[in-house]
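Every read-out reported here was derived from the displayed coordinates using simple, explicitly stated rules and does not represent laboratory data. It should be emphasised that the depicted structure is a prediction, and the values quoted were computed from it without experimental measurement. No Cβ is skipped: glycine too gets one built from the backbone with ideal geometry, and neighbour counts run over all protein chains shown.
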Amino acid sequence: MRERVVIKWGGGLITKKDVLKQPRLDVIGSLADQILECNLLGIDVILVHGAGSFGHLKAKEYRLAEGRLNPSDSSTLGPMTQDEAIVEVRKDMLELNKHIMEALTKRDISAVSLPPHQWANETGADFKGSLEHFIHAPKGITMVTFGDVVSCEGDKEFGILSGDDLVARIAVEVPHVKRLIFAIGGVDGVLAVPPMQAGPDDLIEVLTTEHVFDGEHESAIDVTGGIGLKVDRGFYVAEYGIDVTMVNGGHPSRVLDACLGRVVRGTKLHPSSSISK
């Protein structure tokens, strides 16, 4: 069985996160080049991408992460209803996914996209949904999915399933996954101080559960927990003996090096224990 890696492209890496629906096509193309290299070297990739400006801005405005609001709370929203906003966000995410699939296809990478609202429900690390298509993907096929608005049971009705929650289950439950790579934008990994204050020596190269780090994120537009959620899910995956590394996706060669298990500038997560996968 060929080796597998799971790669998460952050939304802030592949889009201009503060400008509605602005993809970074050059970055997407460079990252797609690295997936091609993985395939040529005999490594199969499962790709999960974030939403960035294709999902977070509208989801935040219409408070989709909170689920169905009471009518009195809905009066503070924009001109659309929450149901209309769900349709818009899903459509926008499919548009971003199309850019990514086109970049892969342009490089003759065989890829299949699985939008979560078609196969998953509930939110958080224990979301529901079969990973059958990922588990049984033929060799050489890049499986692609992304953060999305999904259905929920009960009064909540819907919520946002984060790409970080998706990678946690996929990395642990899909056989032969050796590494999980978080390709993030703007920083080299987890920093000891906020990014605006950080210098080259503030990168935490090995992060343990005992570390205290700054999990500050852009609360105005990020609805899924920022770097803190990535670290939390990364530690969960690392407990199963899977290598977890965070790298600056603005340097695509670092993503490839991390996928190949090479020493790379970034943050490696060191678990407190190891569980047999």
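For SER272 and ASN121 in one chain, what is 0.36 nm times their gap in residues minus the Cα-Cα distance, to one decimal in nm?
Result for the pair: 51.3 nm of gain on full extension.
Where both partners of a DSSP beta bridge lie in the chain, what percent of those bridges are antiparallel, to the nearest 5?
25
Quick one: what are the phi-derived ³J(HN,Hα) couplings along the stretch 135-143, Karplus 6.51/-1.76/1.60 with θ = phi - 60°, whole Hz, x for glycine and proline?
5, 9, 4, x, 4, x, 9, 8, 8
What nm value, rounded to one decimal, do you get for the distance between LEU25 and VAL87 when each label is placed 7 Å out toward the C-beta?
In this crude spin-label approximation the distance works out to 2.8 nm.
Assign unit charges at the C-beta atoms only (+1 for Lys and Arg, -1 for Asp and Glu), then state the dipole size of the chain relative to its Cα centre in Debye, rounded to the nearest 20. Mind showing how you got there, number by number?
Values: 29 positive and 39 negative charges, 167 e Å.
With only Lys, Arg, Asp and Glu charged at Cβ, the dipole is about 800 debye.
Taking just the alpha carbons, could you work out the radius of gyration and Dmax for the stretch 106-204, both in angstroms?
Rg and Dmax of the stretch 106-204, Cα atoms, are 16.8, 48 Å.
Taking the beta-carbon count within 10 Å as an exposure proxy, list CYS259, CYS152 from fewest neighbours to most.
By the 10 Å Cβ count, ascending, the order reads CYS152, CYS259.
What does the convex hull of the Cα atoms come to per residue for the chain, in Å³?
Normalising the Cα hull of the chain by residue number yields 126 Å³.
Contour minus end-to-end for VAL263 and ASP18, with contour as 0.36 nm per residue of separation and end-to-end as the Cα-Cα distance?
Working it through step by step, the gained length comes to 85.0 nm.
Modelled label-to-label distance, LYS178 and LEU40, 7 Å Cα→beta-carbon offset: nm?
1.8
Taking the Cα atoms only, what angle lies between the long axis of helix 25-40 and the longest principal axis of the chain, rounded to 10 degrees?
Computed tilt is about 40 degrees.
Kindly provide the trypsin sites (Lys or Arg not before Pro) of the stretch 101-162 that DSSP labels as loop, not H, G, I, E or B, and whose Cβ sees at most 12 other Cβ atoms within 10 Å.
Loop-located and lightly packed - LYS139.
Hey, could you get me the Stokes-Einstein D for the stretch 1-159, Kirkwood radius over alpha-carbon pairs, 4 °C and 1.567 mPa s, rounded to whole µm² s⁻¹?
For these conditions, the coefficient is 78 µm²/s.
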